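The values are calculated or read from the model by the stated rules, or taken from the named source; none is laboratory data. Computed from a prediction, not measured in an experiment: that's the story for all the values here. A quick note on method: Cβ atoms are made from the backbone with ideal geometry, for glycine too, and the neighbour counts reach across all protein chains shown.
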Amino acid sequence: MRAAAGAVAVTGIGMVTAAGHTAKQTWVEVTSATAPSSVRRPDTLRDLPCDFMYTVEGLDLDARLGPTARLTSRFAQLAVIAAREAVADAGLDPNTWDSARVAVVVGTAHGGLDYYDEQQAVLTARGARRVAPKVAPLSVNSNAASSVCQDLGARGPSLAVSTACASGTDAIGTALGWLRAGRCDIAVAGGAESLSSRLVYASTCQMRALSTRVDDPAAACRPFDVDRDGFVTGEGAGLLVLENAEHARARGATVRARLAGYGSSNDAFSPVAPDERGAGVEAALRTALADAGLAPGDVGHVNAHGTSTVINDLVESAALYRVFGDRPLVTSTKAMTGHTLGAAGGIEAALTALALEEQLVPPTVNLEVQDPGVPMEVVAGTARPARLECAASSSLGFGGHNAVLVLTRA
C-alpha cells in the first residue's frame, strides 16, 4: 500500500459520548462488548412510541466550561469539551499557536433545536417578554463552530456543515480540503449533536425510523441484526485535530493516524429513504479511495454507518460488498453511542483512527443473528485484533447525503 500524497496528520482526538466523557473512556466502552448502560427516557419523550435515547450522563458543565456553559446550547457545549480534549491531546497550546492559521469545522444536523423548543414553550406559556435574548445565536447550527473558535481563540476559516447524518464526516472532509489548499495549518473538525425535541421525535416515529423496543431499550439498537427495527438517537461530539504533514513534523507532533481521502455524493432520490440501488453510497466510497490514491484491497476495516434500520443496513452493506468484497472487517459502533446524527461521522472517524492505532476492530453490540441479506463479515461478540493499515468510515444522511473518509495507519 503506497502512502497518499495528500494525506494529513491526525494529531488529536476528542470525544464526549454516551459511552464516555473522553476519547479513552469512549474507546474502552465501545470495545468492551458489554451492553450499553446509558439509555435514558427524557421527559420530553414521554408517551411517544420511542421514548428513549442515549444520553451523556454526569457532566458538570459549570465546572467543565465555566461561563461558556451559559452562552452555548448543549450541542455546542459538547463540541467545546471534545475540542479542548483534542487540542490537548495534540500537544497544542492555543496561547502560542498562530490563531489565524487554525480552522474550525463542525457538523450538526439539528444544532440548537432543543433550545429553540424550550424557548418556544416559554413564549407560549409566559409571553414574549419572558423569552431569552439568546435564542437566535444559540439555536443556529453555527453555534458549535463559533463557540469552539471563541473558546480556543481560533481565528482562521470556520464553518458549520449540515448534511443531516453525514454532517460530521463532511466537516472533516471539508477541513481536509482546506489543509491541502493551504488555507490553514491546523483544523479542528468533526461533529456535535444533542437532540431530544419532542416534535422531531414524534415526526420520526411517524416515519417509522426509530426503534420501538420500549421494553428493552439497551438492546434496541442492533445494526445488521435480523431483528432490527430502527435506530436509537444519541447525543455527543467527536472532533479531530488535523494538521499539514509538514506542520506536524516541524513541531514534533505525535501522529495518531493519517486522513488520506474523502468522498461525497447524493442519491438525488428521496428526502428520507436511501436509493435502494446504493449507487450513491458506492460512488462516495470509490471517490474517497481515488482521493486517497488507494485500492479497495488496501482497506482492512470499515466503521459503517450501520443505523439499525431495515433498509439502510441492507443498502449500505450491499454497496460496501460491491466495492470491497468480503475482505474488510465491518462494524457499527452505534449500539454503544446511539445514532448521534450530525455528530456520528466525527465520533466514528475518531473511533476509526483509534482502531488503526490499537489494531483492534470494535464489536457490533446487540448483533445476535446477522441478517442473511448482509453479505459482509460484521464483527460481533468481542473486539477483533487485526493487522490494519487502512480503514474507512461511512455516513449516510436524510436527503441522500453520502460521505466517506479513508484513514491510514500513522
In the stretch 177-192, anything in contact with a Phe, Trp or Tyr (Cβ under 6 Å, 6 or more places away or on another chain) and either more than 14 Å from ASP98 (Cα to Cα) or surrounded by fewer than 21 Cβ atoms within 10 Å (Cβ to Cβ) (or both) is listed as ALA192
Which number in (1) within 30 Å of PRO274 (Cα to Cα); (2) at pLDDT below 95; (3) among the small types (Gly, Ala, Ser); (4) out of contact with any helix residue (DSSP H, G or I) (no Cβ under 7 Å at 6 or more places or on another chain) marks the one condition that ALA220 misses?
-> (2)
Those residues of the stretch 56-73 which are crowded, with 21+ Cβ neighbours inside 10 Å and in contact with a strand residue (DSSP E or B) (Cβ under 9 Å, 6 or more places away or on another chain), in sequence order | VAL56
Could you grab me the full set of residues in the stretch 37-61 that are in contact with a Ser or Thr (Cβ under 8 Å, 6 or more places away or on another chain) and part of a loop (DSSP other than H, G, I, E, B)?
-> SER38, PRO42, PRO49, CYS50, THR55, VAL56, GLU57
Got a number for residues in the stretch 308-351 being assigned to a helix (DSSP H, G or I) and either of a type in the set (Asp, Glu) or farther than 19 Å from GLU235 by Cα (or both)?
-> 16
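Just to be sure, is ALA355 buried (at least 21 other Cβ atoms within 10 Å of the Cβ), closer than 22 Å to THR233 by Cβ and out of contact with any Cys (no Cβ under 6 Å at 6 or more places or on another chain)?
Details: buried (at least 21 other Cβ atoms within 10 Å of the Cβ): yes; closer than 22 Å to THR233 by Cβ: no; out of contact with any Cys (no Cβ under 6 Å at 6 or more places or on another chain): yes.
Spelling it out, it is not the case that ALA355 is buried (at least 21 other Cβ atoms within 10 Å of the Cβ), closer than 22 Å to THR233 by Cβ and out of contact with any Cys (no Cβ under 6 Å at 6 or more places or on another chain).
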Does VAL323 meet the test of being of a type outside the set (S, T, N, Q) and under 19 Å from ALA257 (Cα atoms)?
-> no
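Looking at the stretch 279-320 only, could you name the residues that are small (Gly, Ala, Ser) and either buried (at least 24 other Cβ atoms within 10 Å of the Cβ) or under 20 Å from the mean Cα position of the chain (by Cα) (or both)? Lay out the reasoning, then the answer.
The initial filter retains those residues of the stretch 279-320 that are small (Gly, Ala, Ser), namely 279-280, 283-284, 288, 290, 292-293, 295, 297, 300, 304, 306, 308, 317-319.
Those that are small (Gly, Ala, Ser) and either buried (at least 24 other Cβ atoms within 10 Å of the Cβ) or under 20 Å from the mean Cα position of the chain (by Cα) (or both): GLY280, ALA284, ALA288, ALA292, ALA304, GLY306, SER308, SER317, ALA319.
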Has the stretch 238-256 got any residue that is free of Cβ contacts under 8 Å to residues at least 12 places away in the same chain and of a type in the set (A, V, I, L, M, F, W, C)?
-> yes
Only residues that are of a type outside the set (Gly, Ala, Ser) and on the phi > 0 side of the Ramachandran plot: list them for the stretch 25-78, please.
-> ASP47
Counting just the residues of the stretch 175-217 that are among the acidic types (Asp, Glu) and touching a residue at least 24 places away in the same chain (Cβ under 8 Å), which one comes out farthest from PRO42 (Cα to Cα)?
-> ASP185
In this structure, does THR108 turn out to be within 18 Å of the chain's Cα centre (by Cα), modelled with pLDDT of 95 or more and hydroxyl-bearing (Ser, Thr, Tyr)?
-> yes
Note on the stretch 235-294: residues outside any loop (DSSP other than H, G, I, E, B), acidic (Asp, Glu) and in contact with a strand residue (DSSP E or B) (Cβ under 7 Å, 6 or more places away or on another chain) are GLU243, ASP291
In this structure, is ALA154 of a type in the set (Gly, Ala, Ser) and either more than 21 Å from the chain's Cα centre (by Cα) or farther than 20 Å from GLU193 by Cα (or both)?
-> yes
Going through the stretch 136-151 one residue at a time, which ones are in contact with a Leu (Cβ under 9 Å, 6 or more places away or on another chain) and at pLDDT below 95?
-> PRO137, LEU138, SER139
